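Take a look at the structure below.
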Amino acid sequence: MSNSKYDRSIALMCPTCGNRELPVDENEEMIVCGGCNREFTEDELIHENSEVIEAEIEEITEEILDDFNKTFKNLFKN
Ligand SMILES: [Zn+2]
């Protein structure tokens with residue numbers, strides 16, 4: 001089963017201690033934070049990170065728009 005509920009390139013963060021290097025392993029049911037030993041399911045972690053994920057998506061969108069604007073301006077310069 002392919003699982004593309006969210007973009008894997010977005011770093012999930014432990015909501016308890018802020019650890020960003022969580023061992024997300026598709027074969028494991030529980031994700032255990034190395035910082036505070038809190039256990040989550042992947043769904044819980046995504047839920048806890050929904051604000052972070054939304055903020056990052058916004059940032060990515062801004063970056064894309066920024067790049068687009070730069071490219072667009074360069075087209076007119078040349
Ligand atoms: Zn933690």
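The values are calculated or read from the model by the stated rules, or taken from the named source; none is laboratory data. What you are looking at is a predicted structure, and each value in this text was computed from that prediction instead of being measured. Backbone-built Cβ (ideal geometry, glycine too); neighbour counts: all protein chains shown. Ligands, DNA and RNA are excluded from the accessible area calculation, which covers all protein heavy atoms including side chains. Shrake-Rupley method; radii C 1.70, N 1.55, O 1.52, S 1.80 Å.
So what is the relative contact order for the chain, in percent, with contacts set as C-alpha pairs under 8 Å and at least six apart?
Values: 55 pairs, mean separation 16.0, N = 78.
After rounding, I find 20 percent.
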Q. Which listed residue (Ile60, Cys33, Phe72) has the Cα farthest towards the positive end of the charge dipole for the stretch 30-77, taking +1 on Lys and Arg C-beta and -1 on Asp and Glu C-beta about the Cα centre?
A. Phe72
Q: Please give the solvent-accessible surface of Thr71 in Å², to the nearest 10, using a probe radius of 1.4 Å with every protein chain present.
A: 80 Å²
Q. Using a Gaussian network model of the chain with C-alpha springs under 10 Å, which one of Asp43, Asp67, Asp25 is most mobile by mean-square fluctuation?
A. Asp67
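Order the following by accessible area, largest value first: Arg20, Arg38. Probe radius 1.4 Å; ligands, DNA and RNA are ignored. Don't skip to the answer; put the middle values down first.
On the way: Arg20 110, Arg38 85 Å².
I get Arg20, Arg38, largest accessible area first.
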Q.
With +1 on the Cβ of every Lys and Arg and -1 on the Cβ of every Asp and Glu, and nothing else charged, how large is the dipole of the chain about its Cα centre, in debye rounded to the nearest 20?
A. 520 debye
Q) To the nearest 10 Å², what's Phe72's accessible area with a 1.4 Å probe? A) 100 Å²
Q. Given the rule -39500 (n - 2.57) for each run of at least 4 DSSP H residues, summed and divided by the residues of the chain, what is its mean residue ellipticity at 222 nm, to the nearest 500 deg cm²/dmol?
A. -15000 deg cm²/dmol
